[in-house]
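> Just passing along the structure, written as structure tokens.
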Amino acid sequence: MDSAMIEVRELVKDYGRTRALRGIDFSVPRGQIVGFLGPNGAGKTTTMKIITGYLEATSGQALVRGLPVEEHPLETRAHIGYLPENAPLYEDMMVQEFLDFVADIRQIPAAQRRQRFRLMTEVCGIGDVLSKNIGELSKGFRQRVGLAHAMIHDPEILILDEPTSGLDPNQIAEIRKLIRELGREKTLILSTHILPEVQATCDRVIIISDGKLVADDTVQGLMTGDGARIQVLVAPRGESPLEMEKVVESLQKPDSVRSVSVVGEKEDGLAVDVLSDAAVDARRDIFEAAIAADLALLEMQRQSVSLEETFRRLTMEDGGEHV
Ligand SMILES: Nc1ncnc2c1ncn2[C@@H]1O[C@H](COP(=O)(O)OP(=O)(O)OP(=O)(O)O)[C@@H](O)[C@H]1O
Ligand SMILES: [Mg+2]
């Protein structure tokens, strides 16, 4: 089946008089790992709860494997593993008891249980806490048990709301590795505030802000969508000193260059930022322009705009309209 694994159409959600979602559309094909980003209160958790059937949309709909979630809650949930933002675990149960209980609910056949338990114990690193009460666990271990809960029935789709929140750096690295491995055969949506995590694990990034979609692109596309920056250090070739205006004017000449700004004077030359369109590599043009203007290029480095810069630009501009 090549229809989308997850699709949301014109999703709107009101909590009383608060409009949390203002019409969200996207669809996720099989096997994709999607990073779901947005500032606090943007509507990430709300969207995830609607996809997993824990919350009804005010209008619009969510579909899982082509089935509307509201009309087929059990069937769609069977395909999903969900790690909620605050995993509602049973405080008085031991971890092992809780996983047994979850396996019952998920109707995992007895023949497969032992193998699933072993895998989850290993993958989520919970071997040492199996006989502890959930209420006694630290935040990171609760999160690990939440992950085991989400994955125990080997679902095709995983919806993880801030999966690495509360974990230590070692475990974060483990979970990232796990997510990348899972992504080979599963479809994943994960929300996070850790942007390097998205860069490390996701194929695609969806950014929402104030209940609206503000970006839907690949990580690479988002990082260079706003253009590329080339940092240049120029020095005079002859005896005469550099004239700032002349440098700017000369480097501005190529068609591939959008803008030029001097960022500082260094001992050995003038530091200049040249912005170009993302799609072109302006370095050759800059080199030719420098030679033509009798300038020496001491350094030249092309950098993509960081995901963090893009995130801030997209979400702050948008937030500003509503404050
Ligand atoms: N149960 C609720 N009752 C009323 N308003 C709510 C409820 N849950 C969420 N909201 C509001 O809906 C909006 C979106 O919240 P949501 O939890 O989906 O954001 P989020 O993107 O997950 O944020 P965070 O990054 O802080 O987890 C916010 O304005 C929030 O205050
Ligand atoms: Mg949230």
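> Would you say A87 is over 20 Å from D216 (Cβ atoms), in contact (Cβ under 8 Å) with a residue 60 or more places away in the chain and either assigned to a helix (DSSP H, G or I) or of a type outside the set (F, W, Y) (or both)?
Details: over 20 Å from D216 (Cβ atoms): yes; in contact (Cβ under 8 Å) with a residue 60 or more places away in the chain: yes; either assigned to a helix (DSSP H, G or I) or of a type outside the set (F, W, Y) (or both): yes.
Here the answer is yes, as A87 does meet what is asked.
> Determine which member of the set E97, E162, E156 is at pLDDT 90 or above, surrounded by 15 or more Cβ atoms within 10 Å (Cβ to Cβ), assigned by TED's automatic domain parsing to the domain that holds T52 and at positive phi.
After ruling out the rest, the residue left standing is E162.
> Where in region 169-255 are there helices (runs of 4 or more DSSP H), lying fully within it, with 3 or more residues that are within 16 Å of ligand 1 (Cβ to nearest atom) and in the same structural domain as I157 (by TED's automatic domain parsing)? Working first, answer last.
Working: elements: 169-182, 195-201, 219-224, 244-252.
Answer list for region 169-255: 195-201.
> Next question, about the same structure. For region 29-72, what are the residues that are within 16 Å of ligand 2 (Cβ to nearest atom) and either part of a strand (DSSP E or B) or not assigned by TED's automatic domain parsing to the domain that holds P163 (or both)? Walk me through it before giving the result.
Looking only at region 29-72, we keep the residues that are within 16 Å of ligand 2 (Cβ to nearest atom), and these are 34-52, 54-55.
Across region 29-72, the qualifying residues are V34, G35, F36, L37.
> Does I24 qualify as being of a type outside the set (D, E), assigned to a helix (DSSP H, G or I) and at negative phi?
Judged against the criteria, I24 is not a match.
> Since L55 meets every condition but one in (1) out of contact with any Gly (no Cβ under 8 Å at 6 or more places or on another chain); (2) more than 11 Å from ligand 1 (Cβ to nearest atom); (3) at pLDDT 95 or above, which condition does it not meet?
(2)
> Which one is farthest from S306 (Cα to Cα), of the residues in region 264-291 that are assigned to a strand (DSSP E or B), aliphatic (A, V, I, L, M) and at pLDDT 90 or above?
L270
> Further question: On the given criteria, is L21 more than 28 Å from T310 (Cβ to Cβ), within 12 Å of ligand 1 (Cβ to nearest atom) and in contact with a strand residue (DSSP E or B) (Cβ under 8 Å, 6 or more places away or on another chain)?
no
> May I ask you to list pairs of residues, at least six apart or on different chains, whose Cβ atoms are under 7 Å apart, with the first in region 294-307 being within 19 Å of G221 (Cα to Cα) and the second being among the acidic types (D, E)?
Short answer, once both residue conditions are applied: R302/D281; V305/D226.
> May I ask you to verify whether A4 is surrounded by 14 or more Cβ atoms within 10 Å (Cβ to Cβ) and under 20 Å from T310 (Cα atoms)?
No.
> Looking only at residues that are polar (S, T, N, Q) and modelled with pLDDT of 95 or more in region 188-220, which one is surrounded by the fewest Cβ atoms within 10 Å (Cβ to Cβ)?
S209
> How many residues, within region 185-200, are over 8 Å from the mean Cα position of the chain (by Cα) and away from ligand 2 (no atom under 16 Å from the Cβ)?
So the count comes out to 6.
The values are calculated or read from the model by the stated rules, or taken from the named source; none is laboratory data. Being a predicted model, the structure only gives us computed values, none of them experimental. Heads up, the Cβs are rebuilt from the backbone with ideal geometry, glycines too, and the neighbour counts pull from every protein chain shown.
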